[in-house]
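One structure is given here, and the rest of the page talks about it.
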Amino acid sequence: MAENVTPRVRVPREASAGETISIRTLISHPMETGQRRDGDGNLIPRSIINRFVCSFNGETVLDVTIEPSVSTNPYFQFEAVVPESGTFTFTWYDDDGSVYEETADIAVN
Amino acid sequence: MAKINTKKLGLMGGVAVATLGFASLSLADIGDDESLIVNGEIEMVIETEAPEHLDGALRTIYSGWVFRTDETQAMQADDFDNPGMIFVDQARDAFDTAMGTEGNSCASCHENPESLRGVRATYPQWDEEHGGVQTVEMQVNECLTERMGAEPYGYDSTPMRNMTALIASVSRGMEINVAIDGPAAETWEQGREIYYTRYGILELSCANCHEQNYGNNIRADHLSQGQINGFPTYRLRNARLNSVHGRFRGCIRDTRAETFSPGSPEFIALELYVATRGNGLTVEGPSVRN
């Protein structure tokens with residue numbers, strides 16, 4: 001069970017129609033790979049964010065399947081073309097079933 | 001690439017002194033004409049005249065930021081990209097959490113972390129009540145145990161590093177101004193002596209690397225001047241915050257010596273001395289380093 005999992009996003013507040021914007025996302029999460037051992041020699045069980053989805057006004061922009069190779073506090077930076085004003089929704093899915101969500105509005109002129 | 005040891009110049013002809021003094025500027029990192037402005041607003045001093053007490057041992061002091069690659073440097077320029085800030089946020093939560101028998105949080109007395117602006121810039125400092133030099137970690141534990149009735153944090157533990165990162169972050173941009181005189185003078189002398197003492201099988205002192213060889217490589221490590229204005233620092237090599245005493249322990253262990261412990265009088269004295277070698281630089285913590 002991961003504690004203190006906090007997502008955050010950086011999306012420009014406004015853009016011109018058809019402009020490509022840069023989006024940065026970060027979520028604090030230990031991303032335990034399942035390969036490490038504790039002091040007694042026992043395997044620490046895997047516990048990672050296994051999927052990250054970004055959608056805009058209901059349409060999927062990015063759908064990432066995450067494997068244990070991604071390290072602590074996964075950081076994604078990507079570009080998106082914004083056709084109109086609306087809301088970006090970011091969703092992170094944890095191995096333990098938790099779902100974290102963050103949104104950001106953008107105004108297009 | 002070699003940095004001329006200024007102490008040896010006395011043996012050479014006097015004429016040579018003026019030109020040889022600039023040899024170190026041929027290094028790719030120093031004199032790069034870069035600047036560090038965090039979040040587009042906090043302007044850092046990364047290069048400045050060495051404090052007087054160094055007595056010519058160094059003429060210019062540089063923040064550790066100068067010695068890192070462009071990519072590493074860029075990570076510190078924005079709080080979103082600085083992984084150390086995640087831990088600062090965790091400490092902000094802890095700051096507001098009631099702990100201990102008194103039912104108080106840090107906020108009960110200090111209102112908000114911003115009210116502690118100025119602390120990082122002047123610590124370690126003499127504490128009259130306890131009759132000794134006090135570090136920020138000692139101060140945090142003093143509040144926890146004496147005023148909140150709570151268990152102290154481990155000196156080099158995760159919650160302590162998070163808290164010192166928070167306390168450093170609210171002082172960013174402030175000039176380091178740690179006192180070397182007054183009641184702390186004796187401790188300061190102790191620290192200076194440790195700095196110039198060779199330790200371990202490798203018989204290396206702090207000065208051997210950080211004063212005589214900054215800018216050079218020791219194996220794969222690109223040596224800085226060993227300034228601590230950016231501590232606690234987020235190191236890419238272990239993906240977490242690292243404290244001053246944690247780093248001291250690492251350095252002495254690297255000379256293959258039996259090292260002092262975090263929180264020991266030796267490291268407190270050394271931290272006081274090393275902090276004053278950076279007087280004039282600005283608080284950068286939490287910084288991003290190798």
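Worth a mention:
- Zone residues, the stretch B:62-94, relative to B:GLU175, backbone N less than 19 Å from point 7 Å out along Cα-to-Cβ: B:62-64
- Where labels lie 7 Å past Cα in the beta-carbon direction, separation of A:GLN35 and B:GLU193 in nm: 4.8
- Shielding score for A:20-29, defined as the mean number of other chain Cβ atoms within 10 Å: 2
- In the protein assembly as shown, the portion of solvent-accessible area held by carbon and sulfur atoms comes to 48 percent [1.4 Å probe, whole percent, DNA, RNA and ligands not counted].
- Chain B: angle of helix B:158-169 to the longest principal axis, Cα-based, in degrees nearest 10: 70
- Cα-based helix-to-principal-axis angle, B:84-95 vs chain B, degrees rounded to 10: 30
- Computed Rg/Rh of the stretch B:126-273, alpha carbon atoms with Kirkwood Rh: 0.96
- Take the accessible area of chain A alone and of chain B alone, subtract that of the pair, and you get about 900 Å² summed over both chains, using a 1.4 Å probe.
- Residues in the stretch B:115-238 average 45 Å² of solvent-accessible surface per residue, probe 1.4 Å, ligands and nucleic acids excluded.
- Chain B: angle of helix B:244-254 to the longest principal axis, Cα-based, in degrees nearest 10: 50
- Sites B:ASP96 and B:ILE37, calculated FRET efficiency, Cβ-Cβ separation with R0 35 Å, nearest 0.05: 0.75
- When chain A is described by a simple charge dipole with +1 on each Lys and Arg Cβ and -1 on each Asp and Glu Cβ, the residue from A:GLY97, A:ALA2, A:THR72 located farthest towards its positive end is A:THR72.
- Take each residue of peptide B:80-90, count the partner chain Cβ atoms within 10 Å of its Cβ, and average: the result is 4.
The values are calculated or read from the model by the stated rules, or taken from the named source; none is laboratory data. Bear in mind that the values here come from a model prediction, so they are computed numbers and not experimental data. All Cβ positions, glycine included, derive from the backbone under ideal geometry; neighbour counts span all protein chains shown. Accessible surface areas use protein heavy atoms only, side chains included; no ligands, DNA or RNA. Shrake-Rupley method; radii C 1.70, N 1.55, O 1.52, S 1.80 Å.
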